[in-house]
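One structure is given below, encoded as structure tokens.
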Amino acid sequence: MNVKKRDNLTKTAICGIINVTPDSFSDGGQFFAVEEALKQARKLISEGATILDIGGESTRPGSSYVVEIEEEIQRVVTVIKAIRKESDVLISIDTWKSQVAEAALDAGANIVNDITGLMGDEKMAHVVAKAGAKVVIMFNPVMARPQHPSSLIFPHFGFGQTFTEKELADFEKMPIEDLMEAFFDRALSRADEAGIAQENILLDLGIGFGLTKKENLILLRDLDKLHQKGYPIFLGVSRKRFVINILEENGFEVNPETELGFLNRDTASAHVTSIAARQGVEVVRVHDVASHRMAVEIASAIRLADEAENLDLKQYK
């Protein structure tokens, strides 16, 4: 499966998450060991994932765990090499550090998933361009509004300060969609200057990163506005806090320590995937591939109704 510019006849691809960290917000430590990560990779692929996203550092709210670059490289490269020995599945490296990205690409990764949108490490765009790799450029509201109440619970992203004090002050006043536009304009300019081909770029709305509940919902409601920029969308909403908040407000069990609470989180996340797939989002990044694949198949069938066979359905027994 090739991730390419929007094609109305292409189903949404599923990217399965493998966090090789001891502190990820939803599966921390579970796939830290190489053998466990490899086992999970096989499971995700068998359930329908065509991309695997490998991450060696947690970015969950409240995280204070800082991974040294060499340690992060060791974590992800070992897993990537193990997966690559037995599969040609597309592999995404989830990192904002150019040295980690370069090592992962050398080990067999195909995509760099940069949550700082090429803004956290000035060398990242050049690493991606040199490798001819694909890149996910994420809108990072935490970087654009570091003093916003929704940003303060996140760790610092990037080396140094990316924006000037005046820019940060201007960003604070912007409606969220204008802020996203300004961020992407800067990031895409950096990508162009480095020589990254447009067809190798995907955009991520940054759902769950320093956004209010309303802002998350607005960005998801207006997905087509982002599509109008002419780039594929890479969307990560799986088990995000705002989804859980909606469930909790409406009386659903959300405690992950209970079987129902854990299931509800994935079911609700899959509903968002269904909405995204109906709108032609190219890639969804998820934890539970099986439930999201079901959502993709149903939503894609509706979106691609004109291509369906005009069959008479048999009566149920």
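Structure data summary
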item: Residue, surrounded by the fewest Cβ atoms within 10 Å (Cβ to Cβ), within the stretch 75-90, restricted to residues that are out of contact with any Asp or Glu (no Cβ under 9 Å at 6 or more places or on another chain) and of a type in the set (A, V, I, L, M, F, W, C); result: 89
item: Elements of type helices (runs of 4 or more DSSP H) contained in the stretch 82-201, each with 1 or more residues being among the acidic types (Asp, Glu); result: 98-107, 165-173, 176-194
item: Selection status of residue 45, at pLDDT 95 or above and either farther than 27 Å from residue 274 by Cβ or surrounded by 24 or more Cβ atoms within 10 Å (Cβ to Cβ) (or both); result: no
item: Residue within the stretch 107-125 that is surrounded by fewer than 20 Cβ atoms within 10 Å (Cβ to Cβ) and of a type in the set (A, V, I, L, M, F, W, C) present; result: no
item: Residue 137 out of contact with any helix residue (DSSP H, G or I) (no Cβ under 7 Å at 6 or more places or on another chain) and surrounded by 24 or more Cβ atoms within 10 Å (Cβ to Cβ); result: no
item: Test result for residue 222, within 26 Å of residue 281 (Cβ to Cβ), of a type in the set (Asp, Glu) and without any contact (Cβ under 8 Å) to a residue 60 or more places away in the chain; result: yes
item: Subset of the stretch 204-242 (residues that are hydroxyl-bearing (Ser, Thr, Tyr) and under 18 Å from residue 175 (Cβ atoms)); result: 212
item: Any hit, the stretch 245-254, residues being more than 24 Å from residue 112 (Cα to Cα), out of contact with any helix residue (DSSP H, G or I) (no Cβ under 6 Å at 6 or more places or on another chain) and not in a helix (DSSP H, G or I); result: yes
item: Pair list, Cβ < 6 Å and 6+ apart or interchain, from the stretch 95-114 residues that are among the small types (Gly, Ala, Ser) to residues that are assigned to a strand (DSSP E or B) and buried (at least 24 other Cβ atoms within 10 Å of the Cβ); result: 101/93; 101/112; 104/93; 109/91; 109/93
item: Flag for residue 180 being without any contact (Cβ under 8 Å) to a residue 24 or more places away in the chain and surrounded by 15 or more Cβ atoms within 10 Å (Cβ to Cβ); result: no
item: Criterion: over 17 Å from residue 15 (Cα atoms) and within 15 Å of the chain's Cα centre (by Cα) - qualifying residue of 241, 285; result: 241
item: Residue count, the stretch 131-149 (criterion: more than 27 Å from residue 232 (Cα to Cα) and touching a residue at least 60 places away in the same chain (Cβ under 8 Å)); result: 1
item: Number of positions in the stretch 227-263 that are buried (at least 19 other Cβ atoms within 10 Å of the Cβ) and in contact (Cβ under 8 Å) with a residue 40 or more places away in the chain; result: 9
item: Hey, residue 88 modelled with pLDDT of 95 or more, within 16 Å of residue 202 (Cβ to Cβ) and charged (D, E, K, R) or not; result: no
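This table checks each residue for (1) touching a Pro at 6+ places or on another chain (Cβ under 9 Å); (2) modelled with pLDDT under 95.
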{"residue": "276", "(1), (2)": "no, no"}
{"residue": "283", "(1), (2)": "yes, no"}
{"residue": "290", "(1), (2)": "no, no"}
{"residue": "294", "(1), (2)": "no, no"}
{"residue": "299", "(1), (2)": "no, no"}
{"residue": "306", "(1), (2)": "no, yes"}
{"residue": "311", "(1), (2)": "no, yes"}
{"residue": "314", "(1), (2)": "no, yes"}
{"residue": "317", "(1), (2)": "no, yes"}
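The values are calculated or read from the model by the stated rules, or taken from the named source; none is laboratory data. Note that the coordinates shown come from a computational prediction; the quantities given were computed from them, not determined experimentally. Here Cβ is always computed from backbone atoms with ideal geometry, including for glycine, and neighbour counts include all displayed protein chains.
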